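Below: one structure, written as structure tokens.
The values are calculated or read from the model by the stated rules, or taken from the named source; none is laboratory data. Here the structure is a predicted model, which is why all the values come from computation and not from measurement. No Cβ is skipped: glycine too gets one built from the backbone with ideal geometry, and neighbour counts run over all protein chains shown. The area values use the complete protein model at the heavy-atom level, side chains included, leaving out ligands, DNA and RNA. Shrake-Rupley method; radii C 1.70, N 1.55, O 1.52, S 1.80 Å.
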Amino acid sequence: MTYKVVTFPRVIKICILLLVVFLAVVVVSMLVGTARIGIITGLKGLLYGWYEGCSVLTPSEKTIIFSIRFPRIIFAGIVGASLSTAGVVFQALLRNPLADPYILGISGGSAVGAITGMIIGASVVPFGITGLAFLGAVLTVILVFGIAKTGRELQSNTLLLAGVIVNAFFAAIIMFLISTSRNAQLHNIMFWLMGDLSLSTSAEIILTGFFSITGFIAIYIYSRPMNLIVTGEETAMQLGVNVERTKKILFLVASLVTGVAVSVSGIIGFVGLIIPHIMRMMLGSDHRLLLPASFLFGASFLAIADTIARTVISPTELPVGVITALCGAPYFIYLLRRRAV
């Protein structure tokens, strides 16, 4: 397939279009939920409900829309954007279409930290479980990079293998912790392992948003070097790219962005795997466009998935990871059958 040349106006145009799509998703998601709110009433409430004296919505409807649904939708968007951006980086640097943000074992380390926090009752401490999950993710990054580093070089294949091995090790620890947990803890653990966006606090949302946007900017600065590295590391070096330094920076930033997202939301699969593929098929593989497009479309995708998760068997909620897996697995099989991966 032939794609148009990526220019700055084209990047801006597509970003505005995807931003409009995300805003539309936010509006629709705010009106959908267990508590029924009429569409016309809800739209009027969204337009005028921000004002204190507005009487379109009842106080309980205002609380539901602006204090419960809106923060959760924005949080879902932030996590989706983070995982999609990290997925683009890992697929590019590892040159592996099956790479996702969890391929270096970050999810396993973060899960061990979170499950340990649930077992010892760290939820009574602010940022208790989230802090332990993030600590687990950071220790995993240090461990994987320590194993993979040979001299000053960081071989992608060695890094990939180190991530797989560390992830398998943490999977064994997770199974051990689950098998020794009490029944009362199992529900929380299983919900966290499948992704849970319902328990985030305002501080966690702001913190995750800060890391997501900062990480995206840091990664986008290297979009041109990423284009060259994808064509071959030797070619990139001949064209003046410091390949080793670029890879280290991108791997570390993408790992930290993933670690922060996983520590507050649990393990949400397939977002960082399929969103980069969808955007690459639609827009091409130039990272100057692919990165912002994946960032924005990933936000919309996870916001939609979370809306489905909290409404499909209402009033009971599903872990959002169930929805992303149900959507992601068939779509990825479709891509494989078309040999588009």
Criterion violated by G33 - all others in (1) open to solvent by less than 50 Å² (accessible area, probe 1.4 Å); (2) at pLDDT 75 or above; (3) touching a helix residue (DSSP H, G or I) at 6+ places or on another chain (Cβ under 8 Å); (4) in a helix (DSSP H, G or I) satisfied: (4)
Odd one out for F297 among (1) touching a residue at least 40 places away in the same chain (Cβ under 8 Å); (2) open to solvent by 10 Å² or more (accessible area, probe 1.4 Å); (3) out of contact with any Leu (no Cβ under 7 Å at 6 or more places or on another chain): (3)
Sole exception among (1) farther than 23 Å from V141 by Cβ; (2) free of Cβ contacts under 8 Å to residues at least 60 places away in the same chain; (3) of a type outside the set (A, V, I, L, M, F, W, C) for N188, by number: (2)
Sole residue being touching a Leu at 6+ places or on another chain (Cβ under 9 Å), under 19 Å from G266 (Cα atoms) and hydrophobic (A, V, I, L, M, F, W, C), chosen from M190, M194: M194
Set L252, L239: member being under 30 Å from A122 (Cβ atoms) and surrounded by fewer than 20 Cβ atoms within 10 Å (Cβ to Cβ): L252
Which numbered condition M279 misses (of (1) within 25 Å of G146 (Cβ to Cβ); (2) in a helix (DSSP H, G or I); (3) hydrophobic (A, V, I, L, M, F, W, C)): (1)
Number of positions in the range 261-276 that are in a helix (DSSP H, G or I) and open to solvent by less than 10 Å² (accessible area, probe 1.4 Å): 9
Test: V230 is open to solvent by 10 Å² or more (accessible area, probe 1.4 Å) and within 22 Å of the chain's Cα centre (by Cα): no
Any hit, the range 42-57, residues being of a type in the set (K, R) and either in contact with a strand residue (DSSP E or B) (Cβ under 7 Å, 6 or more places away or on another chain) or in a helix (DSSP H, G or I) (or both): yes
Residue within the range 153-175 that is open to solvent by 90 Å² or more (accessible area, probe 1.4 Å) and within 23 Å of I68 (Cα to Cα) present: no
Sole residue being more than 27 Å from I213 (Cβ to Cβ), at pLDDT below 85, surrounded by fewer than 24 Cβ atoms within 10 Å (Cβ to Cβ) and not small (G, A, S), chosen from T63, T41, T116: T41
Test for T208: is it open to solvent by less than 30 Å² (accessible area, probe 1.4 Å), touching a residue at least 24 places away in the same chain (Cβ under 8 Å), over 26 Å from K149 (Cα atoms) and among the polar types (S, T, N, Q): yes
Residue selected from the range 211-227 under the condition part of a helix (DSSP H, G or I) and aromatic (F, W, Y), by the criterion least open to solvent (accessible area, probe 1.4 Å): F216
Positions within the range 307-326 being part of a loop (DSSP other than H, G, I, E, B) and out of contact with any Leu (no Cβ under 7 Å at 6 or more places or on another chain), in sequence order: S314, P315, E317, L318, P319
Residues that are loosely packed, with under 15 Cβ neighbours inside 10 Å and assigned to a helix (DSSP H, G or I), drawn from the range 196-205: S202, A203
Condition broken by S123, with the remaining ones in (1) open to solvent by 80 Å² or more (accessible area, probe 1.4 Å); (2) touching a residue at least 12 places away in the same chain (Cβ under 8 Å); (3) of a type in the set (S, T, Y) satisfied: (2)
Tally, over the range 81-102, of residues that are closer than 18 Å to V230 by Cα, open to solvent by 10 Å² or more (accessible area, probe 1.4 Å) and under 13 Å from the mean Cα position of the chain (by Cα): 1
Residue within the range 245-256 that is in a helix (DSSP H, G or I), of a type in the set (G, A, S) and touching a residue at least 12 places away in the same chain (Cβ under 8 Å) present: yes
